[in-house]
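Working notes for the structure below.
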Amino acid sequence: MRIIGEKINIRDLRFNDLDAYFEYGKDPNVGPFAGWKPFPSKDIASRVLNGQIVSKETYAIALKDKDILIGTISLYNTGIRKYNKAKSLGFSLNSAYWNQGIMTEAVKLMIAYAFEKTDCEILEVGHHTDNYRCKRVAEKCGFNYDGTLCSYKKLYDGRLIDACFYSMTKEEYERKKKYE
Ligand SMILES: CC(C)(COP(=O)(O)OP(=O)(O)OC[C@H]1O[C@@H](n2cnc3c(N)ncnc32)[C@H](O)[C@@H]1OP(=O)(O)O)[C@@H](O)C(=O)NCCC(=O)NCCS
């Protein structure tokens, strides 16, 4: 898969992404906000990367000019909605690239991909209640706030967190696209 954007491309993950993948995945400011433990070693990062390459649900966000991985975005079956055409988006970015609109661009590209190239009919984004950056990305991409689920998940560090959920239907996407 390859999606060409303005600042970034979204493409399949590759084994040779490992150094860049470990670089941002070890950062304590990144993984915990998305619910995962920072990679303690390159070996662990390599195992996670290999698993994601095999599962084909997670894609690389790469700088357009240099094709260097700076983050990832996943499209996977949601555990919240009981409907097999409902999918969830998960994402994270190397903190050196935050606040430049990069994830907003990546999420908009994935919304178009999900609704136009797959059988997805509902897209969902969820974030821990204190993740204001992710909240802004969801809002800027046109998701509607559905509600907050209390005691949503027990994290690797024992914290029981609440999460906010947002959704967009294919119909809403198509209606919005018509007026853009
Ligand atoms: C969430 C994340 C992907 C956002 O990526 P990004 O490329 O910086 O996002 P964008 O630049 O498109 O938008 C970020 C928005 O958050 C805002 N923001 C940044 N810090 C903020 C804060 N502390 N409080 C409120 N808003 C904040 C920015 O101002 C921007 O909004 P604006 O365009 O209205 O000014 C990135 O911060 C990240 O990887 N975080 C760690 C992992 C994570 O949280 N993943 C998401 C799990 S749901």
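Quick notes
- Residues of segment 36-48 satisfying the condition of being surrounded by 13 or more Cβ atoms within 10 Å (Cβ to Cβ) and either touching a Lys or Arg at 6+ places or on another chain (Cβ under 8 Å) or closer than 25 Å to Arg159 by Cα (or both): Trp36, Lys37, Pro38, Phe39, Ile44, Ala45, Val48
- In segment 16-36, residue farthest from Asp67 (Cα to Cα) [restricted to those that are among the aliphatic types (A, V, I, L, M) and within 15 Å of the ligand (Cβ to nearest atom)]: Ala34
- Subset of segment 125-137 that is out of contact with any Lys or Arg (no Cβ under 7 Å at 6 or more places or on another chain), outside any helix (DSSP H, G or I) and not polar (S, T, N, Q) - its residue that is farthest from Ile3 (Cα to Cα): Asp130
- Hits in segment 100-155 - residues which are under 22 Å from Asp12 (Cβ atoms) and among the aromatic types (Phe, Trp, Tyr): Tyr113, Phe115
- Residue within segment 160-167 that is touching a Ser or Thr at 6+ places or on another chain (Cβ under 7 Å) and part of a loop (DSSP other than H, G, I, E, B) present: no
- For segment 155-180, a residue qualifies if it is touching a strand residue (DSSP E or B) at 6+ places or on another chain (Cβ under 7 Å) and either surrounded by 12 or more Cβ atoms within 10 Å (Cβ to Cβ) or modelled with pLDDT under 95 (or both), and the qualifying residues are Leu155, Ile161, Asp162, Ala163, Cys164, Phe165, Tyr166, Ser167, Met168, Thr169.
- Cβ-Cβ contacts under 6 Å between residues 6 or more apart (or on different chains), taken from a first residue in segment 101-119 that is without any contact (Cβ under 8 Å) to a residue 40 or more places away in the chain to a second residue that is within 8 Å of the ligand (Cβ to nearest atom) and among the basic types (Lys, Arg), are listed as Thr104/Lys140.
- Residue that is surrounded by 12 or more Cβ atoms within 10 Å (Cβ to Cβ) and away from the ligand (no atom under 16 Å from the Cβ), where the choices are Leu63, Leu13: Leu13
- Listed by first and then second residue, the pairs with beta-carbon distance under 8 Å, at least 6 apart or on different chains, first residue in segment 1-24 and over 21 Å from Ala96 (Cβ atoms), second among the aromatic types (Phe, Trp, Tyr) and not in a loop (DSSP other than H, G, I, E, B), are Met1/Tyr59; Met1/Tyr113; Ile3/Tyr113; Asp12/Tyr59.
- Residues in segment 81-123 that are near the ligand (Cβ under 10 Å from one of its atoms) and not small (Gly, Ala, Ser): 14 in all.
- Residues being over 15 Å from Thr78 (Cβ atoms) and touching a helix residue (DSSP H, G or I) at 6+ places or on another chain (Cβ under 6 Å) - total across segment 143-175: 1
The values are calculated or read from the model by the stated rules, or taken from the named source; none is laboratory data. Here the structure is a predicted model, which means the values were calculated and not measured. Cβ sites come from the backbone with ideal geometry, for glycine too, and all protein chains shown count toward neighbours.
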